[in-house]
Amino acid sequence: MCNQAVSLIAAELERRGIATVCIMLLREIAECVRPPRALCVPYPHGYPLGAPNDAELQKRVMRAALGMLEREGAPPMIEDYAG
Amino acid sequence: MAELTELGLALRAYLAAYRWRTIDPVPWSPLRKPLASANVALVSTAGMVLPNQEPFDNHRKGGDVSFREIPSNADASTLIDTHRSRSFDHAGIHSDPNLGFPLDRIRELADEGTIGRVNRRHLSFMGSITAPGRLVRDTAPIAAQLLVEDEVDAVLLVPV
């Protein structure tokens, strides 16, 4: 449900001119709901940025997601986090 | 990657019958400036609130679609998890709220120059919303308008 909620909020932001990227925990939900940009991460529910108290890992995931904003593509742009 | 199979049987049966929303057409706004000069905000659906804020309502049918403003200078360690879902392990975000609401991390990305600056506020939702009609119609547009007024260039959205 969280994956759907962020996607729907992202769509509203994009309609108003703000670029967005969603972390997604379930690729099948990303493909169904279709947020404008999604980085699918290999982590369980509750751990969207990888692990607690691991600032470097959290930032690597965030940099990968934010990096999608600078690439050209067509919506929906759905990618997997390579790690 | 999370797997639907990690969830309980009853929840899996519910999700199997659930009709997900499909965004169509998919809106698209290119980033208008380099990320290194962009004003960036966070939107998290981890159900986090600050100590002086009302918890999300876990009994609202279809899910609580309200949101809280989180000032960007808030202390991440004071964020309180009020997410109603029992379908995920809350231990990680209890141990480190940045895992679901990366307040400290986004500041560090600004300090290192990856992003231009952190917006003055972020937005917190509770993502366990099974009936998203009111989210789409009411609160998401209000939330988006706040970030438009802040001249936000980009938003990173984090579910749990």
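Out of all the residues in the range B:40-58, is one or more facing chain A (nearest Cβ under 8 Å), surrounded by 12 or more Cβ atoms within 10 Å (Cβ to Cβ), over 15 Å from the mean Cα position of the chain (by Cα) and within 20 Å of A:ARG71 (Cα to Cα)? No, the conditions are met nowhere in the range B:40-58.
Examine the range A:35-58 for a residue that is free of Cβ contacts under 8 Å to residues at least 12 places away in the same chain and basic (Lys, Arg), and state whether such a residue exists. No, because not a single residue in the range A:35-58 is free of Cβ contacts under 8 Å to residues at least 12 places away in the same chain and basic (Lys, Arg).
Can you tell me which residue is farthest from the other protein chains (Cβ to nearest Cβ) among those in the range B:7-29 that are surrounded by 13 or more Cβ atoms within 10 Å (Cβ to Cβ) and more than 20 Å from the chain's Cα centre (by Cα)? Across the range B:7-29, the extreme among qualifying residues is B:ARG12. Of the residues making up the range B:114-131, none is free of Cβ contacts under 8 Å to residues at least 12 places away in the same chain, surrounded by fewer than 19 Cβ atoms within 10 Å (Cβ to Cβ) and either under 15 Å from the mean Cα position of the chain (by Cα) or more than 11 Å from chain A (Cβ to nearest Cβ) (or both).
I'm trying to understand the selection: among the residues of the range B:59-91, which are among the acidic types (Asp, Glu), in a loop (DSSP other than H, G, I, E, B) and more than 12 Å from chain A (Cβ to nearest Cβ)? Selection gives B:ASP75 alone. For the range A:5-29, a tally of residues being assigned to a loop (DSSP other than H, G, I, E, B) and under 14 Å from the mean Cα position of the chain (by Cα) returns 2.
Set side by side, the residues B:ALA110, B:ALA91 differ, and just one is closer than 21 Å to B:VAL49 by Cα and more than 15 Å from the chain's Cα centre (by Cα), which is B:ALA91.
Tallying residues that are in a helix (DSSP H, G or I), more than 7 Å from chain B (Cβ to nearest Cβ), of a type outside the set (Gly, Ala, Ser) and closer than 27 Å to B:LEU7 by Cβ within the range A:30-59 yields 2.
The set of residues in the range B:1-58 that are within 18 Å of B:ILE129 (Cβ to Cβ), of a type in the set (D, E, K, R) and either in contact with a Phe, Trp or Tyr (Cβ under 9 Å, 6 or more places away or on another chain) or in a helix (DSSP H, G or I) (or both) is empty. Is it the case that B:LEU99 is at the interface with chain A (Cβ under 10 Å from one of its Cβ atoms), farther than 17 Å from B:PRO51 by Cα and among the aliphatic types (A, V, I, L, M)? Yes, satisfied.
Every number in this text was worked out from the coordinates using simple rules, so none of it is lab data. Computed from a prediction, not measured in an experiment: that's the story for all the values here. Heads up, the Cβs are rebuilt from the backbone with ideal geometry, glycines too, and the neighbour counts pull from every protein chain shown.
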